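K.L.:
My structure is below; once you've seen it, I'll send some questions.
The values are calculated or read from the model by the stated rules, or taken from the named source; none is laboratory data. These figures come from a predicted structure and were not determined experimentally. All Cβ positions, even for glycine, are placed from backbone atoms using ideal geometry, and neighbour counts span all protein chains on display. Remember, those area values only see protein heavy atoms, side chains included, never the ligands or the DNA or RNA. Shrake-Rupley method; radii C 1.70, N 1.55, O 1.52, S 1.80 Å.
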Amino acid sequence: MSPYALSMLMSSLAMGTIITLSSSHWFLAWVGLEINTLAIIPLMTKMHHPRATESATKYFLTQATASALLLFSSTMNAWMTGEWTIMDMNSYTPTTILTIALAIKLGIAPFHLWLPDVLQGLDMMTCLILSTWQKLAPMALLILTSHQLNTNLLILMALASAVIGGWGALNQTQMRKIMAYSSIAHLGWMTLVISFAPGLALLNLMIYLMMTSSMFVMLMTMNATNMNKLSISWLKTPTLAASMMTGLLSLGGLPPLSGFLPKWLILQEMTKHHLGALSAVMALSALLSLFFYLRLSYMISMTSPPNISNANLTWRKKNDLSLINPILVVLSTMLVPITPMLLM
């Protein structure tokens, strides 16, 4: 792709998100989301492969449906209340339609089916943008309207996302599909707490962005797209393999890594609202996710492929890592000490 076209698409992507984040009018928020969608589709199809075209088509159709629903709900709300302001969604029907529209945009269960298929057909860089940057605008709208949305509906979708996100990845071998199901599970945790403590949902989103970014950057450096390629990475890039193992355990939510922090605070918040049974189900669903993260950690750190070479030493890849990778690894594993500051 031409650098000029790429810079134009990336700036349109940034502009769409910034328009949505800074708007207080529903029409302007919808325009930002549309710019965002239209800017990423050429990035998806730059591989010139049937799978990439299929992914872009699926993505466009789901996002167009979600955008239509969002515009319909905001128009209905304006018709009922005379207000286009984002904070004034007081009617039951428009808020329910809005919740469904944002769930489709984000890939929250039961509207998650497009996400693994779309990610599987793309290159790693576009997967990274789709799993991180593209979540910002819809999640911002969800946080802004969280006090007006139907809490029971959000809790049901959160439970479904956490269970499906853990269950769906158990039999996957492709890293992009595993990361897609990981995204669905993390979105479930954010959706669960968004009605009770939007600040916690924002913290969870920030930590999710750091962990997912560091994972995709490491996968791109290793050029690993499936589990078989992961198993040979220990011999070639030992430092990166060790970093990836801690990153995976952080995604699974094991203490004392960063991924444990939002889960701990969310479960604490849920028990404060006397939702003990719900907290228990969410904690058990996190074990499903933890299983496949542990399986990947085991594969990357404790298995080595059969070696048919007579040489004692293997060729090692030169560690030409950018500065961004170590920073992301540190942020995605060592944020637990800031907990007291967050609790204050």
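K.L.:
Roughly speaking, to the nearest percent, how much of segment 120-254's 1.4 Å accessible area is carbon and sulfur? Display every interim value, and only then the final one.
P.N.:
Details: 2540 of 3840 Å².
Carbon with sulfur: 66 percent of the solvent-accessible area.
K.L.:
Then there's this: Local charge sum around Leu142 (other residues, Cβ-Cβ under 13 Å, Lys/Arg +1, Asp/Glu -1)? Walk me through the numbers on the way to the answer.
P.N.:
Values: positive: Lys105, Lys135; negative: none.
In short, +2.
K.L.:
A further question on this structure: Using protein chains only and a probe of 1.4 angstrom, how many square angstrom of Lys229 are accessible, to the nearest 10?
P.N.:
My reading of the accessible area for Lys229 is about 90 Å².
K.L.:
Assuming R0 = 25 Å, can you tell me the calculated FRET efficiency for the pair Leu38 and Ser91, based on Cβ-Cβ distance, to the nearest 0.05? Spell out each step's value before the answer.
P.N.:
Numbers: r = 30 Å, r/R0 = 1.19.
After rounding to 0.05, the efficiency reads 0.25.
K.L.:
Next question, about the same structure. What order, most packed first, do the peptides 234-246, 6-18 have when packing is the mean number of other Cβ atoms within 10 Å of each residue? Intermediate results must be reported in sequence, preceding the final value.
P.N.:
Details: 234-246: 18.7, 6-18: 15.7.
Put in order of decreasing packing, that is 234-246, 6-18.
K.L.:
May I ask for the angle, rounded to the nearest 10°, between helix 175-193 and the longest principal axis of the chain, with both axes built from Cα atoms and the value confined to 0 to 90°?
P.N.:
Its long axis makes an angle of about 40 degrees.
K.L.:
How large is the direction-averaged shadow of the alpha-carbon convex hull of segment 229-312, in nm²? Before the final figure, lay out the partial values.
P.N.:
Details: hull surface 25.2 nm².
Projected over every direction and averaged, the Cα hull of segment 229-312 covers 6.3 nm².
K.L.:
Moving on to the next point. Okay, helix-only estimate at 222 nm for the chain: each DSSP H run of n ≥ 4 adds -39500 (n - 2.57), divide by all residues, round to 500 deg cm²/dmol; what do you get? Display every interim value, and only then the final one.
P.N.:
Working: 17 runs with 254 residues, N = 344.
Result for the chain: -24000 deg cm²/dmol, rounded to the nearest 500.
K.L.:
OK, next. When the Debye formula is applied to the Cα atoms of segment 82-144, each taken as the same point scatterer, what base-10 log of I(q)/I(0) results at q = 0.16, 0.17, 0.21 Å⁻¹?
P.N.:
-0.61, -0.66, -0.88
K.L.:
At 1.4 Å probe size, put Arg176, Arg295, Arg51 in order of accessible surface, largest to smallest. All intermediate terms of the calculation are to be shown ahead of the outcome.
P.N.:
Details: Arg176 35, Arg295 70, Arg51 95 Å².
Sorted by accessible area, descending: Arg51, Arg295, Arg176.
K.L.:
Over the heavy atoms of Phe72, what accessible area does a 1.4 Å probe trace out, to the nearest 10 Å²?
P.N.:
Only protein atoms counted, so the area is about 110 Å².
K.L.:
To test your reading of the geometry: what angle, between 0 and 90 degrees and rounded to tens, separates the Cα axis of helix 260-272 from the longest principal axis of the chain?
P.N.:
40
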